[in-house]
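Reading through the structure tokens given below for one structure.
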Amino acid sequence: MDFQSALKKLKLSGNEYVHSDSEKQAVSNISSPTQNKVILLWDVLYQNLPKAAILSVRTKGKFSENFKPKSLFANCPIDLSQLCLCSKDTSFSDLSYEQVLDKCSATDISVSKEEASYLEKETRGQSNSLFGHRYRVGRITATNFYRVCHTSISQLSLTVLKTICASYGNKMPFYSAARTWGTKHEHTAKMEYSALVTSKHVNYKLVDSGLIINERYPQFGASPDGMISCDCCGDGCLEIKCPYSMKDKPILDVPWLLLINNKLTIDCKHTYYFQMQMQMFLSDRQYCDFYVWCPNDHHYERLYRDNELWQTMSNKALEFHSKCVMPELLCQYFSRRQVLSPIAVTNKEKMPISTQSDRKYCICGGDDDGRKMIMCESENCTKVWFCTSCIKLKHVPKGKWYCDECK
């Protein structure tokens, strides 16, 4: 079978293909576009496809501005995960706990209002991005606020501490039916919430929120599901929950919603209540709209600042950050040591630590080589840290975790 084209055969035969006059005339009639037409083309592309690749070669004017690299980190707050670079200083291993605290006190982690504002704008709609996560590391976020407030500093839970301090690369990816369900239906819930409240307010607006860091509390961070405003109520924030466990149940069965005087309201002792309080205080907003979405029902209520709770619990969280988080960030003080007895942070004695420099972990007998690990909370555990792959642990459990030997 001969796959050669007619033109190829013609050339091989020695004859030359001659263009007709009509073909030559068609080509000769095409003129170069005028400068105005070129500019018009660029402008139409820019208006409709501002990130079209061809615009990147148009270096003059506004057309290539979307392709100019931004210095993302120049105006951002301090990246607390970078403090651990100090752990390479071997002198830290010889310091007492009180000396480490002195080093922490001398470390500046302040954040300016401009830096906080820039970070919030750059992280909008990027809750799962690496860029947004790097500024959560080392900060007590609203999601962890309740756990931190109910964790004893004298009996430190390294699971809680590692949740706050672990970098993205060392954090265990968390996938569950509940999380997938919430992510899938959050947009639907937000649209239903907007439809419910828009007509009841004047000039109502709802926008996405990025990572919020307040210059008065650089140790904290929060990411509400939205920022709301209207002429009648002022500025507030929005928190949405789509509970997977309630997907086939009525809203009255939600365990953290209490029926008080025939009215559903959030349990003020629940982690969600603490989460929304931090969101309000960090964002300098007076209220938070709480919307619980279920396939066939919903709950909506407006929460306001709880000044008494914030005063007490924020101080607890600040103490936890200064006495536990900062030493871990600065020199991995706790994760590099086996705690032999409860942590007495109020006395002036040296912290009891393990002197074994070649300690082995897990059932595999390996060392801390960067694999994802979880800590057994038992003080008498002989291994302490376990590789999640070795024990086939797919999801990080809530609360304290004990290995099979210590259960």
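A short reminder: the numbers here are calculations on the coordinates, not readings from a lab. Just so we're clear, the structure is a prediction, and the values are computed from it rather than from any experiment. Don't worry about glycine lacking a Cβ; one is built from the backbone with ideal geometry, like all the others, and counts go over all protein chains shown.
Here the gap between Trp256 and Thr188, fully extended at 0.36 nm per residue and compared with their Cα-Cα distance, gives a gain of 22.3 nm.
Hey, with R₀ at 60 Å, roughly what FRET efficiency would His298 and Ala106 work out to, going by the Cβ-Cβ distance, to 0.05? Write out the running numbers ahead of the final one.
On the way: r = 50 Å, r/R0 = 0.84.
According to the calculation, E is roughly 0.75.
Length gained on full extension, Lys392 to Lys37, computed as 0.36 nm times the residue gap minus the Cα-Cα distance: 121.4 nm. Give the percent of DSSP beta bridges with both residues in the range 228-327 that are antiparallel, rounded to the nearest 5. Of the beta bridges lying entirely in the range 228-327, close to 70 percent run antiparallel. Based on alpha-carbon atoms, the Kirkwood radius and the radius of gyration of the range 242-339 give Rg/Rh equal to 1.12. Taking 0.36 nm per residue of sequence separation and removing the Cα-Cα distance, the Ser117/Leu45 pair yields an extension gain of 22.8 nm. Each of Thr34, Thr123, Thr151 was scored by other Cβ atoms within 10 Å of its Cβ. Arranged with the fewest first, they read Thr34, Thr151, Thr123. Amide H to amide H, with H built 1.01 Å from N, Tyr287 comes under 5 Å of Cys237, counting only residues 5 or more places away or on other chains. The 3J(HN,Hα) values that the Karplus relation (6.51, -1.76, 1.60; θ = phi - 60°) gives for the range 202-211 are, in residue order, 9, 6, 5, 9, 10, 10, 5, 10, x, 6 Hz. Gly and Pro appear as x. Sort the range 144-290 into rounded, prolate or oblate with this rule: let a ≥ b ≥ c be the square roots of the eigenvalues of the Cα gyration tensor; rounded if a/c is under 1.5, and if a/c is not under 1.5, prolate when a/b is larger than b/c, oblate otherwise. Taking the square roots of the gyration eigenvalues as a ≥ b ≥ c, the range 144-290 is prolate.
Taking every C-alpha pair closer than 8 Å and separated by at least 6 residues, the mean separation divided by the residue count of the range 171-264 gives a relative contact order of 26 percent. The ranking of Lys383, Lys392, Lys269 by Cβ neighbour count inside 10 Å, starting from the fewest, reads Lys392, Lys269, Lys383.
Only counting other Cβ atoms within 10 Å, I'd like His321, His133 sorted with the fewest neighbours first.
Numbers: His321 23, His133 18.
Ascending number of Cβ neighbours within 10 Å: His133, His321.
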